[in-house]
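Participant: Here's a structure for you.
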Amino acid sequence: MATALTNSTALGTLDAQRMHTKNASIELARLSTGRQNPFASQNSAAESISAQFGSEAQVLLQARTNAMNGANMLQVVTSAINDQRTLYTTMKTLAVQAANGDLDETVRGQLNVQFLENLDQANEVALDVNWNGLFLMNGGGSTGAATVAAANAQAAVGLVASGTDFTNALGANTKGYISGTADAVRVTRTAAGTYDVEVDVRNNDVVQTFTARGYTPADNGTLGFVSTADSGNVIELTQGADTSGMTSAATVKTAVETALGLGSGATKAQFVSLASAANNGVTGFSVTSAAKPGTYAVSMIAGSGAAKITGGPELKSYTTDAMANTTAGTYDFGNGISMTVDNTFATATAFNQMILTVDSGGKVDVTFQVGANNTDTVSVSVPDCTNAGRGITSLSIDTVANAQNAITHLSQAIKDASSDYSTIGAKQGRLEITQVSLETSARNLLSAKSNYSDTDVAKALTQFTIFNTMAQVASVATAKSLEETQQLLSLANKV
């Protein structure tokens, strides 16, 4: 009813228009945002529940990814163990063949060459397997002993004075990381009439090759070999008073082999490190599981103020940043090994060479977080799968006795590899099942979250259409109601 002062009908239709417009706006917001409750004031409890479900689902999805990555990591390990088992079986087959009495030394020697190649490859498999920088099969590293070498960094036991070709003393230029037994010599004659000589030094399964290019025999001269792995590693042999007998590649090879104890019935030359008690400010070394077990040499790089470490199973060199004088600190070599010095350390008067032994930790422990709680974990221990860890270092099949010994050790290695494969494979299977379970749980949580938070598009579109239509109708009704007021005002003006 309209009066001169109030049009209650128009006010009612205007309120209806505002209400329908607001409701239409809410439905439009739901459609445009995809959220069932685009404004916190609408249903804050539902939004809180939805957020909780979403948070839990996100955590479980990350845990699922962890489980998937863990399963993939262990797949790498089990594949490598299977490769090792295949190599062990091949080696055992060769050993059984070599142990038979119908073979002569030549054939058995040929079998031994193949056997040693497979032995080295089995060790390389364990040393090379890593996941994102974590070496998994080398047993991990643990801190070993460190000693300081004397000024003459290396000595050799078993050098032989071969007539007048070589003496049994190392030259003064011998230096660097040289640890192991002389293993092989190769000589080729160059077009210029000089000789290229190579010497292998074996330390268990690690072979370091030293080369001398353009060598010419000279009375009372020297023959210097430089490591192909690190030019800082040098062996220098001292020549005798008369080298006239070295006139061909064959005679040079024989002379060098004899000097290194590689002749028939001789004892192979053994290169060893000399140690002293001084540490010159070095207080210790620390290692992580990334450090590969083995023997390393640590020395200063002249003029750079940095330290260098070389050796180990990789035979690679790693260096620290420049080191500060008389300042305590820790210096990282970048290979899992770091060195700590105190404030007495000075680069100019630092050690000549330190010999560091990194022992195997025996296993590498890995824990996977596969749930929302800190107790939702799966732990795996990967044993030392190197030849040392398997107990098969220094095997050979060059004699019947050695072949029979190899059969015994390889039989156990095959059993150990099969056991490791089964144990780690079971953990891998558990992680794969966990991955599926976590994915299902996360999917259900996301579905529940959707029930609370996601827009029902069909419903929202229908509601928007209804409210929008009602708002338009209310707008027309308001306009009609206002006409009554206009008519009253028109009559009043005529009076």
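Participant: For helix 400-453, what angle does its Cα long axis make with the longest principal axis of the chain, in degrees from 0 to 90 and rounded to 10?
Facilitator: It is inclined by approximately 10 degrees.
Participant: Please compute the modelled spin-label separation between residue 286 and residue 408, points set 7 Å along Cα→Cβ, answer in nm with one decimal.
Facilitator: Result for the modelled spin labels: 4.3 nm.
Participant: Could you sort out which of 268/316; 363/427; 22/480; 253/316; 175/316; 92/427 sit more than 19 Å apart by Cα distance in this structure? Present the calculation step by step, with values, prior to reporting the outcome.
Facilitator: Details: 268/316 25 Å; 363/427 16 Å; 22/480 22 Å; 253/316 28 Å; 175/316 16 Å; 92/427 29 Å.
From 268/316; 363/427; 22/480; 253/316; 175/316; 92/427, over 19 Å: 268/316; 22/480; 253/316; 92/427.
Participant: If you fit an axis through the alpha-carbon atoms of helix 249-259 and take the longest principal axis of the Cα set of the chain, what angle between them do you get, 0 to 90°, nearest 10?
Facilitator: Between helix and principal axis, roughly 90 degrees.
Participant: Ok, one more. How long is the gain from residue 113 to residue 418 if the chain were fully straight, where each residue apart is worth 0.36 nm and the alpha carbon distance is subtracted?
Facilitator: Details: separation 305, 0.36 × 305 = 109.80 nm, distance 2.59 nm.
Full-extension gain reported as 107.2 nm.
Participant: Roughly how many nanometres apart are two label points built 7 Å out from the Cα toward the Cβ at residue 241 and residue 400?
Facilitator: Distance between label points: 4.8 nm.
Participant: Take residue 69 and residue 440, extend 7 Å from each Cα along the Cα→Cβ direction, and tell me the distance between the two endpoints in nm.
Facilitator: The answer from the label model is 2.5 nm.
Participant: Order these by the 10 Å Cβ neighbour count, fewest first: 396, 360. Please list the in-between numbers first.
Facilitator: Working: 396 17, 360 20.
Arranged by neighbour count, lowest to highest, 396, 360 become 396, 360.
Participant: Follow-up. Taking the Cβ-Cβ separation of residue 96 and residue 264 as r and a Förster radius of 35 Å, what is the calculated FRET efficiency to the nearest 0.05? Show your work: numbers first, answer last.
Facilitator: Working: r = 27 Å, r/R0 = 0.78.
In this case the efficiency is close to 0.80.
Participant: Same structure, new question: How much length is gained on full extension from residue 469 to residue 365, taking 0.36 nm per residue of separation minus their Cα-Cα distance? Each step should come with its number before you reach the end.
Facilitator: Values: separation 104, 0.36 × 104 = 37.44 nm, distance 6.79 nm.
Stretched out fully, the residue 469 to residue 365 stretch lengthens by 30.7 nm.
Participant: So, one more: With r as the distance between the Cβ atoms of residue 426 and residue 220 and R0 = 56 Å, compute the FRET efficiency 1/(1 + (r/R0)^6) and round to 0.05. Each step should come with its number before you reach the end.
Facilitator: On the way: r = 67 Å, r/R0 = 1.19.
So, using R0 = 56 Å, E works out to roughly 0.25.
Participant: Want the number for residue 200 to residue 327: 0.36 nm per residue separation, take away the alpha-carbon distance, what's left? Mind dumping the intermediate values first?
Facilitator: Numbers: separation 127, 0.36 × 127 = 45.72 nm, distance 4.04 nm.
Length gained between residue 200 and residue 327: 41.7 nm.
Participant: Roughly what angle does helix 457-494 make with the longest principal axis of the chain, taking Cα atoms, 0 to 90 degrees, to the nearest 10?
Facilitator: So the helix axis and the longest Cα principal axis differ by about 30 degrees.
Participant: For the stretch 159-268, what is the charge dipole size about the Cα centre, in debye to the nearest 20, if Lys and Arg each add +1 at the Cβ and Asp and Glu each add -1 at the Cβ?
Facilitator: Details: 7 positive and 11 negative charges, 16 e Å.
Around 80 debye, computed over the stretch 159-268.
Participant: Starting from the Cα of residue 250, move 7 Å in the Cα-to-Cβ direction to define the label point; list residues of the stretch 174-202 whose amide nitrogen is under 15 Å from there.
Facilitator: Only 187-189 fall inside the zone, counting backbone N under 15 Å.
Participant: Could I ask something else about it? Quote the FRET efficiency, to the nearest 0.05, computed for residue 433 versus residue 33 with a Förster distance R0 of 60 Å and r equal to the Cβ-Cβ distance.
Facilitator: According to the calculation, E is roughly 0.95.
Values quoted throughout were computed directly from the atomic coordinates according to the rules given, and no laboratory measurement underlies them. Everything quoted here is computed from the prediction, not taken from an experiment. Glycine also receives a Cβ, built like all others from the backbone with ideal geometry; neighbour counts cover every protein chain displayed.
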